[in-house]
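Report on the structure given below.
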Amino acid sequence: MSDGAKARRFLRNRHHGVLSTLSRKFPGYPFGSVVPFVLDQDARPVIFISRLAEHTRNIEADPRTSLLVSDAGDDVQAGGRLTLVGDAARAASSLDALRSRYLNYIPGSRRLFALGDFAFYSITPRALRFVGGFGDIQWISPEIYAPPANALAEQEGDILAHVNADHAHNLRDYCRHYHQRDIETATIIGVDCDGFDIRTDRDILRFDFEQPVTHADSVRDVLACVKKVGVPHEEPAQIQVLVTAERRGREAEIDPRGVQRVAGLISRVTSRVDRADVGLTPEAVSEASDQEVLSRAGRGVVRPDARWRRPARPDRRAARAGGRDARSRRPCGRS
């Protein structure tokens, strides 16, 4: 993972920080204030501030700002932290999308919209100072920090509506499987190229994609994969074997029909039906060739505690004989 992706992932998991502006009242001195924020689809922090606030007046006089975001804890210097240095400007486009996204993450701000003197400001990064931990310190340029070009700004609303309407039950499974949290309610509130966020009855949980996605179709594919893996949380070893088989097939560019068979197999496992009498251990997956993994996994459910064996087949000739013993091939009751 690149340093830019790490910085984006850090910021996407946090929604408040210290905004520093250049004081208009005391020229040359920095002025700090605590603000909530969300990232837009370009990974720029977006704040919703009143024109009467001191930091807003400072920004109008000089747009140079910085935003400090850090981990909470007793030892603040031991945790991660990021300082984004950039230029703040009033947002002039996509205001409806910004409003929806901001309210999804910070619903308590709804009352502020009725006041009429608040506006969105976005901060365009000029540089970022990221401290990921001891010895993990670097400056990050805006080019490295910037996410890949994507169309999710226009598609996010439709994605959220579809998932919340048709897959709400899967969201609770995501939380249980990936965060070991049993929750009562779950709503997906945001999706971006790096992952998605679910609001539970307690807090917001973040789910990061392994690789950035850039289109709604890619997001649906990833969510479908997460859904398949997330349901049977009591069988992680079994599912891991299946995912490994599918991933290895994709990386090796094996016949896509074989990959589809494994993907279909995952679906059958999660629905807990069609369990075939076939086994393949995690060790066998690591030792077997890609073709062997796909051919074996495509024939039935992978069991983590069993060795590979060919599934038993019914004796069709015995079935056609109607009453004949499959072993003796003689009519029943005769010696």
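The values are calculated or read from the model by the stated rules, or taken from the named source; none is laboratory data. Source: prediction; values computed, not measured. Quick reminder, even Gly has a Cβ in these numbers, built from the backbone with ideal geometry, and neighbours come from all protein chains shown.
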Response to the item:
Over the range 2-57, the set of residues of a type in the set (S, T, N, Q) and either surrounded by 19 or more Cβ atoms within 10 Å (Cβ to Cβ) or touching a residue at least 24 places away in the same chain (Cβ under 8 Å) (or both) is S2, N13, S20, T21, S23, Q41, S50, T56
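Of all residues in the range 57-80, which are in a strand (DSSP E or B) and at pLDDT below 95?
Taking the range 57-80 and keeping what is in a strand (DSSP E or B), we get 64-70.
Listed by number, the list holds a single entry, S70.
Please note which strands (runs of 3 or more DSSP E) are completely contained in the range 109-225 and include at least 1 residues that are outside the structural domain of A61 (by TED's automatic domain parsing).
On the way: elements: 118-133, 136-140, 186-192, 195-200, 204-208.
Counting at least 1 such residues, we get 186-192, 195-200, 204-208.
Return yes when L11 is within 21 Å of S109 (Cα to Cα), outside the structural domain of D197 (by TED's automatic domain parsing) and not in a helix (DSSP H, G or I) and no when it is not. Spell out how you get there, then give the answer.
Values: within 21 Å of S109 (Cα to Cα): yes; outside the structural domain of D197 (by TED's automatic domain parsing): yes; not in a helix (DSSP H, G or I): no.
For L11, the condition - within 21 Å of S109 (Cα to Cα), outside the structural domain of D197 (by TED's automatic domain parsing) and not in a helix (DSSP H, G or I) - is not met.
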Worksheet item: Looking only at the range 178-208, which residues are buried (at least 20 other Cβ atoms within 10 Å of the Cβ) and more than 13 Å from the chain's Cα centre (by Cα)?
Response: A186
Practice prompt. Pairs only if they're at least six apart or on different chains, beta carbon under 9 angstrom, first in the range 79-106 and outside the structural domain of D136 (by TED's automatic domain parsing) and farther than 17 Å from D42 by Cα, second in a strand (DSSP E or B) and not charged (D, E, K, R); list them, first residue then second.
Written response: none
